[in-house]
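Worksheet: the structure to be examined is printed underneath.
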Amino acid sequence: MSGFMKIFWVFVALLGGFAFAVVTKMVRPAEQVSAVWMLVAAVCLYLLAYRFYSAFIAAKILALDDRHRTPAELFADGHDYDPTNKWVLFGHHFAAIAGAGPLIGPILAAQFGYLPGMLWILIGAVMAGAVHDFIILVMSIRRNGKSLPEIAKAEIGPITGFAAMLATFFIIIVALAGLGMVVVKALAHSAWGTFTIGMTIPIALLMGFYLRKLRPGRVGEVSLIGVVLLILAVIFGKTVADSTLIAPYFIFSEKALILLLVAYGFLASVLPVWMLLAPRDYLSTYMKIGTVTLLAIGILFMAPDIVFPAVTQFADGGGPIIPGPLFPYLFITIACGAISGFHSLISTGTTPKMLRKESDARIIGYGAMITEGFVSMMALIAAVTLDPGDYFLINSPLTEEAIRALGWVPEKIRMFEAEIGISLEHRTGGAVTLAVGMANILSGIPGMKALIAYWYNFALMFEALFILTTIDAGTRVARFIVQESLGYFYKPLRQYTWWPGMLLTSVIVVVCWGYLIWTGNVATIWPMFGISNQLLAGLALTIATSILIKMKKLRYLWVTLIPMVFVLTVTLTTAVMEVQKYLRLLDDPALDLLKTFTYRLNMTLIITMATLAVIIVIDNIRKWAGFAKMPYTEPISGGDRSAVPSLPAAD
């Protein structure tokens, strides 16, 4: 490292440390904290983490080596296994992992104050989430791009493998249904949003064919074309929405949108990755990162104060949004903004089958997760720069009188309603609060004040786009898992490119999550999704820890062991508290039959997930002593692509 770079990184560390001290009120405790300091602290910490911590993991633990041929190179078929440009793949991976969690979770967690959420987003993303994504991705790359259950079965044994298979399939179906419902709610009767998001599909197809057939390798050209067309789609979306002639063709009911969403999920699952999935996710990433960057610019221009307290009175529980206490519910609520088990499915699903060389895994695995952490920080800032009175009036069922009794006065909500043209009271769930917070910040950019209504609608559309890119990749990953699972009973199903198996398993997946959205039953399951998602992250870290023990990386075991213990402790504690809550609710003699069924279903699902988690953890821990002693050579991709390789591939 040159002398200049040493000075630069020392400056970044000092600046980040000072910003962190200001936000935590270790310095200037009497002053109102500016959101700029929160932004600076996040940027500095994430830059330092990527430059040094990810490099440490890449060199000392994973020993990335570009001489190892990746599954994309070995098994290139132009369909699932397809060597992809690093930045295009970064776009796909980031778009696939960044769904509702990094946007909605921090908004809801703001109930506890700005400080707890900020600390977990910073520390969790660096020490847990990015470590989880990076290590799991590399382990899949060296095992023919196989899924987490397949890796667990080969490396740990059949008990962990079977339990992981059940857990991952259940979680991904529930996740896709829950995310799909958010998209449907956001786009229902919205011509603007439906037109713009719908146009990303033909734009992505054009980009795919351009890069594959017309101008191979011209990533810069196709990026420029895609971004220009995307901007035009956003601009003309408003024109379409305002047109009495065209708008009716883009206004759909919720049921119609569900059918369209199912059809899109099916196409994204079966078409070659280069044709639709990768270019659409790459295109969406431009909009995602561009919007978040614009939000950061708005924060720098406005320099809004954080008007929320560092910690609210709801830290001990009893909050109007999240009834439980800060520990453990903060961590379950923020979820994907710091660590997500869903990411392990992408890191062992589509991404490892598209990676051109091992060294690309660092920016894609670690880099994409800290980028998502930055998105979460922007969402948290959007929430905590709103007046608490406005926040709770929008995002909770509390009346204005009840909010005033808590000591907060709604300040700007009537102005927002007048500017945007709709009622904002009690629009719970976090999406509307985020849209208002983003519109409030973006309208502060010079020349943008008159466009607050435009920014509000744009923010809602942005959220829908954020989530939709998780659905397409998630559906394809679920198809891989189903094919691998059913392949034990009928071997041809394990061949990803066997069209009958591909079509059958894709139909199974989209019907499962589509049915849950159609019937609304996902509303009974969604509350426990946060638990199951975090449990999967803990389980992925458990499997990673076992493999590191087999690799004799004992001196570095803390890298996965510490986040594993913390995530599992938090999540199992939440599971116990949720079961206790449902038992109390079921004691009510006036409970009707439907609610009784709903509560019992939720409780059963939570117990099932927690039991699977305990089985996997015990099965791993009891083998650790043996793993530490047994001879072991880490496999390298090669041989039969339908199986996890057991020995290093021949040179």
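What to note about this one:
- K153 meets all of the listed conditions (1) modelled with pLDDT of 95 or more; (2) of a type outside the set (A, V, I, L, M, F, W, C); (3) in contact with a Ser or Thr (Cβ under 9 Å, 6 or more places away or on another chain) but one, namely (1).
- Filter result for the condition that a residue is of a type in the set (V, I, T), at pLDDT below 85, surrounded by fewer than 23 Cβ atoms within 10 Å (Cβ to Cβ) and over 21 Å from the mean Cα position of the chain (by Cα), over V219, V174, V184: V219
- Helices (runs of 4 or more DSSP H) (entirely within the stretch 444-549) containing at least 3 residues that are without any contact (Cβ under 8 Å) to a residue 40 or more places away in the chain: 452-486, 499-519
- Subset tally (residues that are within 13 Å of N395 (Cβ to Cβ) and polar (S, T, N, Q)) for the stretch 412-428: 1
- Listed by position, the helices (runs of 4 or more DSSP H) contained in the stretch 306-395 that have at least 1 residues being of a type in the set (G, A, S) and within 16 Å of F90 (Cβ to Cβ) are 342-347, 368-384.
- Residue within the stretch 133-148 that is in a loop (DSSP other than H, G, I, E, B) and surrounded by fewer than 23 Cβ atoms within 10 Å (Cβ to Cβ) present: no
- Criterion (surrounded by 22 or more Cβ atoms within 10 Å (Cβ to Cβ) and not acidic (D, E)) met by exactly one of G78, G101: G101
- Single match in A41, A35, A30, A19 (criterion: surrounded by fewer than 16 Cβ atoms within 10 Å (Cβ to Cβ) and more than 28 Å from T348 (Cα to Cα)): A30
- G407, sole failed condition from (1) at negative phi; (2) loosely packed, with under 15 Cβ neighbours inside 10 Å: (1)
- Filtered residues of the stretch 64-105 (kept if among the aromatic types (F, W, Y), within 17 Å of Y366 (Cα to Cα) and in a loop (DSSP other than H, G, I, E, B)): none
- Test: I258 is crowded, with 19+ Cβ neighbours inside 10 Å and touching a helix residue (DSSP H, G or I) at 6+ places or on another chain (Cβ under 6 Å): yes
- Checklist (1) within 18 Å of P328 (Cα to Cα); (2) touching a helix residue (DSSP H, G or I) at 6+ places or on another chain (Cβ under 6 Å); (3) of a type outside the set (S, T, Y); (4) surrounded by fewer than 20 Cβ atoms within 10 Å (Cβ to Cβ) applied to L568, failing item: (4)
- The one condition from (1) touching a Leu at 6+ places or on another chain (Cβ under 8 Å); (2) over 22 Å from I322 (Cα atoms); (3) buried (at least 20 other Cβ atoms within 10 Å of the Cβ); (4) modelled with pLDDT of 80 or more that A439 does not meet is (1).
- Here the stretch 414-438 is the region considered, the condition is being part of a helix (DSSP H, G or I) and either without any contact (Cβ under 8 Å) to a residue 24 or more places away in the chain or of a type in the set (S, T, N, Q) (or both), and the residue that is nearest to A459 (Cα to Cα) is T433.
- Pairing each residue of the stretch 201-212 that is farther than 18 Å from L468 by Cβ and without any contact (Cβ under 8 Å) to a residue 40 or more places away in the chain with any residue that is part of a helix (DSSP H, G or I) and not basic (K, R), provided the two are 6+ apart or on different chains, yields C-beta distances under 6 Å for Y210/V222.
- Y515 being farther than 23 Å from G145 by Cα and surrounded by fewer than 22 Cβ atoms within 10 Å (Cβ to Cβ): yes
- For the stretch 509-519, filtering for residues that are touching a helix residue (DSSP H, G or I) at 6+ places or on another chain (Cβ under 6 Å) and modelled with pLDDT of 85 or more leaves 5.
- So K255, is it modelled with pLDDT of 85 or more and either part of a helix (DSSP H, G or I) or of a type in the set (K, R) (or both): yes
- Test: residue in the stretch 197-215 that is of a type outside the set (G, A, S), modelled with pLDDT under 80, under 26 Å from the mean Cα position of the chain (by Cα) and surrounded by fewer than 21 Cβ atoms within 10 Å (Cβ to Cβ): no
- In the set (1) under 19 Å from I339 (Cβ atoms); (2) over 15 Å from the mean Cα position of the chain (by Cα); (3) not hydrophobic (A, V, I, L, M, F, W, C), the condition left unmet by R142 is number (1).
- Verdict on A610 being of a type in the set (G, A, S) and surrounded by 13 or more Cβ atoms within 10 Å (Cβ to Cβ): yes
Each row is one residue, and each column tells you yes or no for (1) at pLDDT 80 or above; (2) surrounded by 20 or more Cβ atoms within 10 Å (Cβ to Cβ); (3) hydrophobic (A, V, I, L, M, F, W, C).
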| residue | (1), (2), (3) |
| --- | --- |
| M415 | yes, no, yes |
| W455 | no, yes, yes |
| Q483 | yes, yes, no |
| Y496 | no, yes, no |
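The values are calculated or read from the model by the stated rules, or taken from the named source; none is laboratory data. Treat the numbers as computed from the prediction; the structure is a model and nothing was measured. When we count neighbours, we look across all protein chains shown, and the Cβ atoms used for this are built from the backbone with ideal geometry, even at glycine.
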